[in-house]
1. Working only within region 67-92, note down all residues that are touching a helix residue (DSSP H, G or I) at 6+ places or on another chain (Cβ under 6 Å), surrounded by fewer than 23 Cβ atoms within 10 Å (Cβ to Cβ) and in a loop (DSSP other than H, G, I, E, B).
2. Answer yes if at least one residue in region 99-111 is exposed (fewer than 14 other Cβ atoms within 10 Å of the Cβ) and assigned to a helix (DSSP H, G or I), and no otherwise.
3. Taking region 112-129 on its own, how many of its residues are outside any helix (DSSP H, G or I) and in contact with a helix residue (DSSP H, G or I) (Cβ under 6 Å, 6 or more places away or on another chain)?
4. Please enumerate the residues belonging to region 191-206 that are closer than 20 Å to residue 82 by Cα and without any contact (Cβ under 8 Å) to a residue 60 or more places away in the chain.
5. Quick one: which residue in 60, 32 is in contact with a helix residue (DSSP H, G or I) (Cβ under 7 Å, 6 or more places away or on another chain), crowded, with 20+ Cβ neighbours inside 10 Å and either within 22 Å of residue 115 (Cα to Cα) or at pLDDT 95 or above (or both)?
6. Tally time: how many residues in region 191-209 are under 21 Å from the mean Cα position of the chain (by Cα) and part of a loop (DSSP other than H, G, I, E, B)?
């Protein structure tokens, strides 16, 4: 009986491994083509951000971005979703829902997207593909919608307000929730200045005591 139980468990685990292996290999084979298609639609490049804007973006969104391989579980303030994982959700899912699909998202980020798309290209794709609330996709459209400005015309607080809402764009965007957005901006500014130091991986709201 014990042997049979072990055999069943092994067989199930093997099938799970095969399933995810096939999923990752399929994603990997289509990654470059998908990226090329998305890049044809971009309206802003990484190079369009100022050095300060890029610094803010990285420190808020994925502070260890240039050092990890698509997945990050150690740096305080990183959260559970890196830039690469966010792109993985956009690249490989039609209808992403939290739960077991997080495993596929993570595996595809690590073994499909990270090896195929250079870091700087990932940033460009992220800036153009992320949702900012109110049907605004990409920071270029969001900047014009919320502030009637191009990204390079935003002052620092305005830029932070857009980047800061990405953790919950429906509930934190500056148009519908100005007070919550302002609170988010102030907390980010405290983190950027060093006044506040994130207290662990999941401290992305910068308010733990």
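1. Within region 67-92, 69, 71 meet the criteria.
2. So far as region 99-111 goes, yes, one or more of its residues are exposed (fewer than 14 other Cβ atoms within 10 Å of the Cβ) and assigned to a helix (DSSP H, G or I).
3. 1
4. 205
5. The match here is 60.
6. To start, the set of residues in region 191-209 that are under 21 Å from the mean Cα position of the chain (by Cα) comprises 191-192, 197-207.
Cutting the leftovers down to part of a loop (DSSP other than H, G, I, E, B) gives us 197-207.
So the count comes out to 11.
Each row is one residue, and each column tells you yes or no for (1) surrounded by fewer than 19 Cβ atoms within 10 Å (Cβ to Cβ); (2) at pLDDT below 95; (3) touching a strand residue (DSSP E or B) at 6+ places or on another chain (Cβ under 6 Å); (4) farther than 24 Å from residue 44 by Cα.
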residue	(1), (2), (3), (4)
141	yes, no, no, no
146	no, no, no, no
179	yes, no, no, yes
189	yes, no, no, yes
206	no, yes, no, yes
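A quick yes/no check of all residues on (1) over 19 Å from residue 28 (Cα atoms); (2) under 10 Å from the mean Cα position of the chain (by Cα); (3) at pLDDT below 90:
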position	(1), (2), (3)
72	yes, no, no
75	yes, no, no
83	no, yes, no
86	no, yes, no
92	no, no, no
96	no, no, yes
100	yes, no, yes
104	no, no, no
108	no, no, no
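The values are calculated or read from the model by the stated rules, or taken from the named source; none is laboratory data. The structure presented is a predicted model; accordingly, all values stated were derived computationally and were not measured. Ideal geometry is used to build each Cβ from the backbone, glycine not excepted, and the neighbour counts take in all protein chains shown.
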